[in-house]
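Have a look at the structure below, then the notes.
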């Protein structure tokens, strides 16, 4: 299982500083949607130039013009991009085609999909995405009684490659790994920590050694 950090900060300077602190402990650096909206796709290239040995994940959350938007991100250094799982199938297929031509990967983000989520996960997986991100957004996580358990249960049931985003922390990372996730996406547990580097290391250390990918160039490029 790979470890992904969401650089959910407002400026490129903040993102570069956060990435510098955590890069040695993670495999994938994710540019959050607000960061890309604020700084533009050039921010993707800046993160890739600073950390060429890491996978760079552009969280575009594309809802239309899938091939066009994916190509914009791939052209400046993204290794992975997201397309909304709620998008039209043709939008998802367009992004997948862009990924195929670029030799890069496309991820379907299932944020806002709750009812019928397992069925839709299977549908978008069949369209050729590399994996599906089972994702509870910040607003959903803030609701009383939220737990990560429903995401994990749907991942197990769907039976396709998936990542988990939404409440992954040092306390839940083992459950994410046990559920069979290919990627664990960590946001606030790292970027809100007093010492983000130490927080990232603690989560890495909590992963089972036999399954934890070394955050090295070879692992990050696999």
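Since every read-out is calculated from the coordinates, none of them should be taken as a lab result. None of the values given here were measured: they were computed from a predicted structure. All Cβ positions, even for glycine, are placed from backbone atoms using ideal geometry, and neighbour counts span all protein chains on display.
Report Rg(Cα)/(2.2 N^0.38 Å) for segment 65-110, keeping two decimals.
The value comes to 0.97.
Order these by the 10 Å Cβ neighbour count, fewest first: 147, 62.
Going from least to most buried by this count: 147, 62.
Please state the relative contact order of segment 52-128 as a whole percent: Cα pairs under 8 Å, 6+ residues apart?
30 percent
Would you mind computing the Rg to Rh ratio of segment 46-142 from its alpha-carbon coordinates, Kirkwood style for Rh?
So for segment 46-142, dividing Rg by the Kirkwood Rh gives 0.99.
For segment 22-55 and segment 170-196, what is the centre-to-centre distance using only Cα atoms, to the nearest Å?
Between the Cα centres of segment 22-55 and segment 170-196 lies a distance of 18 Å.
Test of understanding: what is the full-extension gain from residue 126 to residue 50, defined as 0.36 nm times their sequence separation minus their Cα-Cα distance?
Net length gain for the segment: 23.9 nm.
Quick check: pseudo-label points 7 Å beyond the Cα along Cα→Cβ at residue 100 and residue 194, how many nm apart are they?
It works out to 5.2 nm between the two label points.
How high is the relative contact order of the chain, given as a whole-number percent (alpha carbon pairs under 8 Å, six or more residues apart)?
It comes to 22 percent, rounded to a whole number.
What ratio of Cα Rg to 2.2 N^0.38 Å holds for segment 2-220?
Normalised Cα radius of gyration, segment 2-220: 0.93.
Considering segment 123-218, what Rg and Dmax in Å follow from its alpha-carbon atoms?
Gyration radius and largest Cα-Cα distance of segment 123-218: 13.8, 41 Å.
If I model a spin label at residue 156 and residue 139 as a point 7 Å from the Cα along the Cα→Cβ vector, what separation in nanometres do I get?
It works out to 3.0 nm between the two label points.
May I ask you to sort 135, 51 by Cβ crowding, counting other Cβ atoms within 10 Å and putting the fewest first?
Fewest-to-most ranking of 135, 51: 51, 135.
For segment 66-87 and segment 123-154, what is the separation of their Cα centres, given in Å?
Answer, in whole Å: 19.
Would you mind computing, in nm to one decimal, how far apart the modelled labels at residue 149 and residue 20 are, each placed 7 Å from Cα along Cα→Cβ?
Output for this residue pair reads 4.3 nm.
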